[in-house]
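Reviewing the structure listed below.
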Amino acid sequence: MAERPVEVLVDGAAVARRGAGLIAERARAAVAERGRFALAVSGGRTPWVMFAEFAGHDVPWHAVTIYQVDERIAEDGDPDRNLTHLEESLPEAALQRLVPMPVTEADVDAAAAAYAESLPERLDLVHLGLGDDGHTASLVPGDPVLGVADRDVALTGEYKGRRRMTLTYPALDRAGEILWLVTGAEKAVPLAKLLAGDESIPAGRVRAAHALVLADEAATTGRP
C-alpha cells in the first residue's frame with residue numbers, strides 16, 4: 001500500500017495556500033529537469049481557492065499542461081461543470097494550458113477515448129478531493145466504473161443527477177504524485193479510511209506510489 005503522509009493545517013484557506021505553493025514548486029522542478037509538467041485537477045470549493053492562489057506564484061505555465069480529473073456531462077457554462085469554476089479561478093496563463101474534458105460531444109464514449117489518447121503516459125501530479133461518501137474523482141461507491149482496468153478515461157452512471165467523465169484507477173495509479181485536499185468535519189470518517197488504505201471506499205483504492213494529504217483540522221478531528 002502506498003504511504004499517504006498527511007499535513008494538517010488550520011483551515012481550508014491554509015490548505016488551499018499550501019496546495020498552490022506545493023504544485024507551483026513541483027511544476028518548477030519538473031520543468032527545470034524535463035522541460036514539462038503534466039497536472040490533472042479536480043473540482044471543489046477549496047480547490048477553486050487554491051487555483052486562484054496560483055496568481056501569486058511563479059509557475060512556468062508555458063511548459064505546463066493541465067487536464068481535468070473528472071467532469072459532469074452538461075453544457076458549457078453550466079454551474080455544475082468543473083470547467084466553469086476553473087475558468088473563473090485559474091490565472092489566464094494557466095487557462096491557456098488547460099485541456100478540458102469533451103463532455104459536450106454527441107458521442108461521449110468516443111470523446112472519452114479521445115481524451116485518454118491526449119493524456120501523457122504518466123501525469124506528474126494529480127490533485128484529488130474526497131467526498132463524504134468516500135468517492136474521489138468521479139469514482140463513486142457502487143458504480144461499474146470502479147472496475148474499469150483497460151481504459152484511462154471512462155463514463156460513470158448517474159450520480160447526483162449527472163453522468164460524469166472521469167480518470168480511472170489505472171491513470172491515477174501511474175501518476176508521479178497524488179495531492180489530496182481534504183477539508184471539513186464531514187470528511188473525518190472517509191479521511192480516516194483513506195489514510196488506512198481502506199478499500200471499502202473508492203478513494204482507498206487509489207494506489208499511486210507517492211501521495212500527500214493536505215487536511216484541515218476539522219477533517220482530522222470531526223469538529224467544525
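Any read-out appearing in this document is the output of simple, stated calculations on the displayed coordinates, not a laboratory observation. No experiment lies behind these values; they were computed from the predicted model shown. Counting neighbours? That spans all protein chains shown, and the Cβs are built from the backbone with ideal geometry, glycine included.
When the Cα atoms of region 1-141 are enclosed in a convex hull and the volume is divided per residue, what value in Å³ results? Kindly include the intermediate steps, with their values, before the conclusion.
Numbers: hull volume 19.6 nm³, N = 141.
Spread over its residues, the Cα hull of region 1-141 gives 139 Å³ apiece.
In the chain, what % of DSSP beta bridges are antiparallel (nearest 5)?
Values: 8 of 29 bridges.
Roughly 30 percent of the DSSP beta bridges within the chain come out antiparallel.
Nearest-5 percent of antiparallel DSSP beta bridges in region 136-224?
50 percent
In percent, what relative contact order does region 138-191 have, based on Cα pairs under 8 Å that are 6 or more apart in sequence? It would help to have the intermediate numbers written out before the result.
On the way: 59 pairs, mean separation 14.9, N = 54.
That works out to 28 percent.
So if I average 1/r over every pair of distinct C-alpha atoms in region 41-116 and take the inverse, what Kirkwood radius in Å does that give?
On the way: mean 1/r = 0.0765 Å⁻¹.
For region 41-116, inverting the mean 1/r across all distinct Cα pairs yields 13.1 Å.
In the calculated pair distance distribution of region 61-103, what percentage of Cα-Cα distances lie above 13 Å? Please list the in-between numbers first.
On the way: 457 of 903 pairs.
That fraction is 51 percent.
Of S89, V69, G19, which is farthest on the positive side of the dipole of the chain, counting Cα position, with +1 on Lys and Arg Cβ, -1 on Asp and Glu Cβ, and the Cα centre as origin?
G19
HN-Hα J couplings of region 163-177 from phi, Karplus 6.51/-1.76/1.60, θ = phi - 60°, integer Hz, Gly and Pro as x?
For region 163-177, the Karplus-derived couplings read 7, 9, 9, 8, 5, 9, 4, x, 5, 5, 6, 7, 4, x, 7 Hz, x marking Gly and Pro.
Let me have the 222 nm mean residue ellipticity of the chain computed from DSSP H runs of 4+ only, each contributing -39500 (n - 2.57), with the sum over all residues rounded to the nearest 500. Walk me through the numbers on the way to the answer.
Working: 8 runs with 73 residues, N = 224.
When only DSSP H runs of four or more count, the value is -9000 deg cm²/dmol.
If I take the Cα coordinates of region 69-224 and project them onto the principal axes, what are the three extents in Å, biggest first?
44, 34, 31
May I ask you to list the GluC sites (Glu not before Pro) in region 74-149 that are in a DSSP loop and have at most 12 other Cβ atoms within 10 Å of their Cβ? Each step should come with its number before you reach the end.
Working: sites: E75, E87, E88, E92, E105, E117, E121; in loops: E75, E105, E121.
Passing sites in region 74-149 are E75, E121.
May I ask you to derive the relative contact order of region 92-224, considering only C-alpha pairs under 8 Å and at least 6 residues apart, and to give it as an integer percent?
On the way: 247 pairs, mean separation 32.2, N = 133.
For region 92-224, the relative contact order is 24 percent.
Can you list the residues, at least 5 places off or on another chain, whose amide H is less than 5 Å from the amide H of L9, using H built in the peptide plane?
HN-HN under 5 Å from L9: A215, D216, E217.
Peptides 188-195, 10-17: what's the order by average Cβ count within 10 Å, highest mean first? Write down the numbers at each step before the final one.
Numbers: 188-195: 19.4, 10-17: 17.9.
Output ranking for 188-195, 10-17: 188-195, 10-17.
Can you give the charge dipole size of the chain about its Cα centre, rounded to the nearest 20 debye, using +1 on the beta carbon of Lys and Arg and -1 on the beta carbon of Asp and Glu?
Charge dipole, the chain, about its Cα centre: 460 debye, nearest 20.
Express the relative contact order of the chain as a whole percentage, based on alpha carbon pairs under 8 Å and six or more residues apart in sequence.
On the way: 494 pairs, mean separation 55.9, N = 224.
That works out to 25 percent.
Tell me, how many Å apart are the Cα centres for region 132-207 and for region 1-65?
19 Å
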